Amino acid sequence: MTEPGRPLRADAVRNRARVLEVAYETFAAEGLAVPIDEIARRAGVGAGTVYRHFPTKEALFEAVFEDRVRHIVEDGRAMLASDGPGEALFAFMREMVRTGAADHGLFDALAGYGIDVAAATSSAEAEFLGVLGELLAAAQHAGTVRGDVGVPEVKALLLVCKTSGEYGGTVSDGVTKVIIDGLRAPSASRGTLHSPGASAKNDVGTRDR
């Protein structure tokens, strides 16, 4: 094990990150029964390297989940800068739907292994809800999201978006679009759903009839 408080060398940091990435993808796709040696082989490191960072398989499970949530939180905050406060929440929701299948696989694997997912994810859930609250507040302040929804409603809608992935990408994309349109503030919705050109065509069509 690495000594507490002692910083990891650059190569050790890279190895640890690679192990977590491979473990996340493997556990989500194939379940938690995949041996540590196989995780190490796919990550391109020795089994001893994995055990130095994660002395037990349970420690690896916990680290994989914490690392995944950390990336989600970091991505959400980065979107505030790249997409702007008005659109960051919508970009975040689309990204969560895109990666939702793997996340569901990881949760299912943890539950199937006998791990109390609710207990294991309590602190991570707080971090996730925190960044979701930041994204929602920024969008409402920018006037792009209606003011009568809170974090619990957005979380529930996000779960609907992710669940729709079971019906295929086209359905999932369509459901996500409908939900995002429903979250938009009335003035923002009018701006995205109707254009002056479309209104002019409709007016002409009405007069012709």
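The values are calculated or read from the model by the stated rules, or taken from the named source; none is laboratory data. Everything numeric here is computed off the predicted structure, so don't read it as measured data. Note that we place each Cβ from the backbone using ideal geometry, even for glycine, and neighbour counts take in every protein chain shown.
List every residue pair whose Cβ atoms lie under 8 Å apart, where the two residues are 6 or more positions apart in sequence or sit on different chains, the first residue falls within region 178-197 and is outside the structural domain of residue 154 (by TED's automatic domain parsing), and the second residue, located anywhere, is at pLDDT 80 or above and of a type outside the set (D, E, K, R).
none
Would you confirm, using the coordinates I've provided, whether residue 131 is over 30 Å from residue 177 (Cβ atoms), modelled with pLDDT of 85 or more and crowded, with 17+ Cβ neighbours inside 10 Å?
Judged against the criteria, residue 131 is not a match.
Residues 67, 37: which one is closer than 18 Å to residue 13 by Cβ and not aliphatic (A, V, I, L, M)?
Just a single option satisfies the conditions, and that option is 67.
Looking for something at pLDDT below 95, under 17 Å from residue 132 (Cα atoms) and in the same structural domain as residue 170 (by TED's automatic domain parsing) - is there at least one such residue anywhere in region 48-66?
yes
Out of everything in region 36-78 that is buried (at least 19 other Cβ atoms within 10 Å of the Cβ) and outside any helix (DSSP H, G or I), what residue ends up being nearest to the chain's Cα centre (by Cα)?
Of everything passing the filter in region 36-78, 54 is nearest to the chain's Cα centre (by Cα).
Which residue pairs have Cβ atoms closer than 6 Å, lie 6 or more positions apart in sequence or on different chains, and pair a first residue in region 67-84 that is in the same structural domain as residue 129 (by TED's automatic domain parsing) with a second residue that is among the β-branched types (Val, Ile, Thr)?
73/131; 76/131
Take the residues in region 143-168 that are over 18 Å from residue 87 (Cα atoms) and among the small types (Gly, Ala, Ser); name whichever of them is modelled with the highest pLDDT.
It comes out as 156.
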